[in-house]
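For reference, the structure discussed in these notes is given below.
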Amino acid sequence: MPKGKVVIISGPSGAGKTTLVRRVLEASTLPLELSVSVTTRPARPGEVDGKDYHFWTDDAFQAGRANGSFLECFEVFGRGYWYGTLRSEVADRMNAGRWVVLEIDVQGMQEVLKAHPDAVTFFVRPDSLDTLRQRLEDRGTETPESLSRRLEVAAHEWNFRDKYHYEIINNNLDEAVAQMIRILSESAE
Ligand code: 5GP
């Protein structure tokens, strides 16, 4: 059986990454499975432990770091919390021919590429930072302070977009889904 692949997806929050990834997982005929990351941040309302993230204490996280449980882990820029990918989420699935999808930041991407140089990497973004600002404003969930903080973090992440194999401009969700599926199918050949 051919070994599976690692697929990495990054991009600023508000770019619609999570919805895009969910749609790609539903629609693709490839054996894609989402890796569930560990984080030290508290769960948001509606988030489920073990499904959205594994929510760990700081102590548990640092113990995991010390004993080599993580394929990669970082304090993600602008969040003030640790995030990491467990080796156990990736290795067995790849050996079983599955494709493991990681939604991680740029530091994580660079680290995972060292172990899996044939990983396929995507940066998902709206067409401009102005569009991102508009989306966040329209959502109405941000205070002026949290809006400017989010945009600052997004601008930082934006600078790394040329480190990825593919950029997906997510202005039209259906087109973005189709584009990602096409690229993944091509990389399976
Ligand atoms: P949020 O707290 O909004 O769920 O996620 C913030 C950011 O953390 C995501 O956009 C993603 O880039 C990053 N992230 C999530 N999980 C991981 C992980 O396992 N490793 C790394 N390096 N970054 C992650």
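The values are calculated or read from the model by the stated rules, or taken from the named source; none is laboratory data. The shown structure was predicted, so the numbers you read here are calculated from the model rather than taken from an experiment. A quick note on method: Cβ atoms are made from the backbone with ideal geometry, for glycine too, and the neighbour counts reach across all protein chains shown. Remember, those area values only see protein heavy atoms, side chains included, never the ligands or the DNA or RNA. Shrake-Rupley method; radii C 1.70, N 1.55, O 1.52, S 1.80 Å.
For this structure, a couple of remarks:
- With each label modelled as a point 7 angstrom along the Cα→C-beta vector, the GLU137-ILE169 pair spans 2.1 nm.
- Each of THR18 and ARG65 was given a label point 7 Å from its Cα along the Cα-to-Cβ line. The distance between the two points is 2.5 nm.
- Relative contact order for the chain, counting Cα pairs under 8 Å that sit 6 or more residues apart, in percent: 33 percent
- Cβ-placed point charges (K, R +1; D, E -1), dipole of segment 20-108 about Cα centre in debye, nearest 20: 160 debye
- Charged-residue dipole, Cβ positions (Lys, Arg, Asp, Glu), segment 46-189 about Cα centre, Debye nearest 20: 220 debye
- Surface accessible to a 1.4 Å probe, per residue, for the residues of segment 5-188, Å²: 51 Å²
- Ranking ILE169, ALA27, PHE70 by Cα position along the charge dipole of the chain, where only Lys, Arg, Asp and Glu carry charges on their C-beta atoms, puts PHE70 farthest toward the positive end.
- Surface accessible to a 1.4 Å probe, ARG23 within the full protein complex, Å²: 70 Å²
- Where GluC sites (Glu not before Pro) fall in DSSP loop in segment 37-111, at most 14 other Cβ within 10 Å: GLU47
- Simple spin-label estimate for PHE77 and ASP127 in nanometres, 7 Å along Cα-Cβ: 2.5 nm
- Using a Förster distance of 35 Å, the FRET efficiency for SER148-MET94 (Cβ separation, nearest 0.05): 0.30
- Equivalent ellipsoid semi-axes - Cα gyration tensor, segment 113-167, angstrom: 28, 11, 9
- Per-residue ellipticity at 222 nm, computed for the chain from helices alone with -39500 (n - 2.57) per DSSP H run of at least four residues, works out to -13000 deg cm²/dmol.
- Taken over the Cα atoms of the chain, the convex hull encloses 121 Å³ per residue.
- Residues ASP118, ASP52, ASP130, sorted by accessible area with the largest first, give ASP130, ASP118, ASP52 [1.4 Å probe; ligands and nucleic acids excluded].
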